[in-house]
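> Questions regarding the structure given below will be posed in turn.
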Amino acid sequence: MSTPFDLAKFLPYRLAVAAQAVSARFARRYSEAFGLTIPEWRVLAVLGGFGTTHAQRLTALTTMDKVKVSRAVAKLAAAGLVQRQPDPEDGRRVLLALTPKGEQLYRDIVPLAQAMQEELLAELPPAGREALDEALRLLSRSPKS
C-alpha cells in the first residue's frame, strides 16, 4: 500500500498558498490606498520598473496570463495611467508605457510597497530572511534542460 499524499506538505501547494496570502495582504492595502487590483498593480510595477514594453513581454514579466494583462492595461489606460503607442520596430505591436499620471502613482506606491515588504520580513528572524531569499532565488531559476 502506498503512503497517502499529504497536500499540506507538498511544496508547490505550500508556495501557492503562501504567495496567495502575501498577495491578498498587499492587495488590500493597494486597493484601500489607490483603488488598484493585483493585476493592475503588477502592470504598473513592471512598467514603472522596466519602462516601456510590449504586451507579450509585460505578460512574461508580470507572470500573468494575457487576458489578465489585457484587462489590467485597459483599466489603467481608461484611468489615464498607461498609454499605448505604435512600436516603430514592429508595426504589428503596440508599446505600453506609464503616462506622467501613472509615473506619479508608481512613485507614490513604491514607498508603501517597500514598507509592506519590511513589515512582512520583520515577522522572520534575520537568518530566516536570508534563507527565504536564497530559497526563492534557487527555486526561481529556470529548470535545467
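Just so you know, all these numbers are worked out from the coordinates, no wet-lab data involved. Treat the numbers as computed from the prediction; the structure is a model and nothing was measured. Every residue, glycine as well, gets a Cβ built from its backbone with ideal geometry; the counts of neighbours run over all protein chains shown.
> If I stretch the segment between ALA113 and SER140 completely, what's the gain in nm (0.36 nm per residue apart, minus their alpha carbon distance), one decimal?
Details: separation 27, 0.36 × 27 = 9.72 nm, distance 2.12 nm.
Answer, rounded to one decimal: 7.6 nm.
> Here's a follow-up. Which number do you get for Rg(Cα) / (2.2 N^0.38 Å) in the chain? Show your work: numbers first, answer last.
Working: Rg = 18.2 Å, N = 145, 2.2 N^0.38 = 14.6 Å.
It is 1.25.
> Averaging sequence separations of C-alpha pairs under 8 Å and six or more residues apart, then dividing by the length of region 39-139, give the relative contact order as a whole percent. Don't skip to the end; give the middle numbers.
Numbers: 90 pairs, mean separation 25.2, N = 101.
It rounds to 25 percent for region 39-139.
> Any aspartates and glutamates with Cα under 20 Å of the LYS68 Cα? List them, leaving off those in the same chain fewer than 8 positions away.
Within the straight-line limit of under 20 Å, LYS68 reaches these aspartates and glutamates: GLU40.
> Thinking of region 7-72 as a set of Cα atoms, what percent of all their pairs are more than 21 Å apart?
Looking at region 7-72, the distances longer than 21 Å represent 34 percent of pairs.
> Which order do the peptides 123-136, 79-92, 55-68 come out in when sorted by mean C-beta neighbours inside 10 angstrom, highest first? Intermediate values should be presented prior to the final figure.
Details: 123-136: 10.5, 79-92: 12.9, 55-68: 15.4.
Per-residue Cβ counts within 10 Å, averaged per peptide and sorted highest first, yield 55-68, 79-92, 123-136.
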